[in-house]
Amino acid sequence: MDFALIVRGGTLPDGRVADIGITGETIAAIEPELNAAAGTVIDAHGNLVAPPFVDPHFHMDATLSYGIPRINASGTLLEGISLWGELKPLLTHEAVRERALAYCDWAVSMGLLAIRTHVDVCDDRLLAVEALLDVKKTVAPYIDLQLVAFPQDGLYRSPTALENTVRALDMGVDIVGGIPHFERTMADGTRSVTELCEIAARRGLMVDLHCDETDDPLSRHIEQLAYETQRLGLQGRVAGSHLTSMHSMDNYYVSKLLPLIAEAGVSAIPNPLINIMLQGRHDTFPKRRGLTRVKEMLAMGIRVGWGQDCVLDPWYSLGTADMLDVAFMGLHVAQMSSPADMARCFDMVTNVNAAIMGLDHLGLAVGKRASLVVLDAGNPVEAIRLRPERLCVIARGKVVAERTKQETRLSIAGRPTQVNRRHKAAGSLS
């Protein structure tokens with residue numbers, strides 16, 4: 001059997017060394033050695049071959065807008081929301097589209113081939129919705145792009161948000177979003193969770209709510225989200241993003257809450273880069289960092305993935321579209337330092353995030369879509385440590401990005417002439 005493309009000799013995340021044969025858009029074979037020809041051969045010997053990176057939480061309508069019309073001086077979530085309100089009237093279809101496409105170029109270069117983006121529906125023009133629906137069609141040959149109808153200013157707090165949410169879904173937006181903690185009262189927030197979940201149930205859609213992104217330990221809308229998920233039979237289709245209030249909740253309440261989330265099959269999407277940047281801004285010391293209880297949720301069997309959230313926008317002044325940056329920060333703040341935990345963080349930004357998004361066609365297995373990435377690293381933990389070059393990115397069976405391996409030349413007497421930061425296996429002294 002011949003193939004259109006073979007990736008030879010790469011190390012898979014589970015440690016196997018294998019050739020991957022690709023036919024059309026599909027992985028047709030994974031074997032220790034494929035005795036076959038191919039139109040294109042990628043030499044991956046000594047390098048990690050992984051599923052594509054997946055980001056289940058992003059804001060593409062705002063990305064790359066940093067500094068327009070001004071910078072977030074306080075660095076707080078609330079000023080970021082206010083600043084976004086100043087920016088929205090200045091948006092044009094073309095500007096949103098071009099910034100989003102530029103970000104998608106960055107994403108492809110980093111092996112990030114699936115993104116779930118929340119799009120604000122509180123602008124009655126629904127300009128950003130139209131622009132991102134256009135972007136979704138444009139990038140479909142290489143990026144799975146999901147859109148979430150997101151009433152940024154509150155489903156009830158913004159007078160036309162509910163109507164606009166339904167309009168956006170009618171236009172083809174994929175997922176129901178919300179922000180219950182930003183409503184005027186806790187009661188309104190609870191009511192918004194119920195109404196949004198009912199909309200999703202009627203339409204057969206997934207739900208992804210910004211949930212309890214606050215330092216207030218009494219913000220407990222995740223409890224209502226878990227309840228509605230079970231009541232409406234939405235198990236496996238619901239995610240709670242951020243969940244930062246859980247960082248500040250008392251342990252007794254959390255001991256009740258986590259089993260409820262697990263029973264309902266609600267996924268959690270913390271966003272470590274943004275959560276630790278925005279939370280705890282009202283604290284002196286000790287200062288809360290706001291990341292939700294990741295290890296505790298994992299121990300309870302809750303599906304947890306890492307999200308990126310923002311790149312160069314009103315809320316965050318940094319970012320490179322690198323999901324390994326996200327895993328690296330999450331690993332540190334959640335103190336996931338064991339070898340198994342570190343490897344799990346890599347899985348969270350690939351396979352787990354794909355599962356949260358319902359992208360069953362992604363993964364390194366025969367019959368899956370031929371989308372994968374070759375990294376200048378020996379294993380998943382080394383990939384997180386180095387955040388290395390993506391030597392080759394393949395989307396739907398086609399090479400979409402390539403980069404040569406970078407090594408630094410040294411001019412030091414008695415030392416090697418070249419150096420990189422790859423490291424021999426633990427225990428090796430030679």
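Key figures for this structure:
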read-out: Answer from Asp341, Asp347, Asp325, Asp283 - the residue that is of a type in the set (Asp, Glu) and in a loop (DSSP other than H, G, I, E, B); value: Asp283
read-out: Only one of Leu205, Leu196, Leu209, Leu218 that is over 25 Å from Leu132 (Cα atoms) and aliphatic (A, V, I, L, M); value: Leu218
read-out: Matching strands (runs of 3 or more DSSP E) fully within the stretch 354-427 where at least 3 residues are open to solvent by 20 Å² or more (accessible area, probe 1.4 Å) and farther than 22 Å from Ala327 by Cα; value: 398-402
read-out: Single residue of the stretch 318-351 satisfying the filter (surrounded by fewer than 21 Cβ atoms within 10 Å (Cβ to Cβ) and among the β-branched types (Val, Ile, Thr)) that is farthest from Asp14 (Cα to Cα); value: Thr320
read-out: The stretch 15-49: number of residues that are acidic (Asp, Glu) and without any contact (Cβ under 8 Å) to a residue 24 or more places away in the chain; value: 3
read-out: Residue match in the stretch 335-344 (condition: in contact with a Gly (Cβ under 9 Å, 6 or more places away or on another chain) and under 24 Å from Ile22 (Cα atoms)); value: no
read-out: Single unsatisfied condition, Leu12 versus (1) in contact (Cβ under 8 Å) with a residue 60 or more places away in the chain; (2) open to solvent by 10 Å² or more (accessible area, probe 1.4 Å); (3) under 23 Å from the mean Cα position of the chain (by Cα); value: (2)
read-out: Residue in the stretch 201-222 that is most open to solvent (accessible area, probe 1.4 Å), counting only those that are over 18 Å from Arg303 (Cβ atoms) and part of a helix (DSSP H, G or I); value: Arg202
read-out: Options Ala264, Ala268, Ala239, Ala226: the member that is in contact (Cβ under 8 Å) with a residue 12 or more places away in the chain and in contact with a Pro (Cβ under 9 Å, 6 or more places away or on another chain); value: Ala239
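The rows are residues; the columns are (1) outside any helix (DSSP H, G or I); (2) of a type in the set (Asp, Glu).
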| site | (1), (2) |
| --- | --- |
| Asp14 | yes, yes |
| Ile42 | yes, no |
| His57 | yes, no |
| Arg70 | yes, no |
| Lys88 | no, no |
| Ala95 | no, no |
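The values are calculated or read from the model by the stated rules, or taken from the named source; none is laboratory data. Since this is a predicted model, take the numbers as computed values, not measurements. Glycine gets a Cβ as well: all are built from the backbone with ideal geometry, and neighbour counts include every protein chain shown. Calculation scope for accessible area: heavy atoms of the full protein, side chains included, ligands and nucleic acids excluded. Shrake-Rupley method; radii C 1.70, N 1.55, O 1.52, S 1.80 Å.
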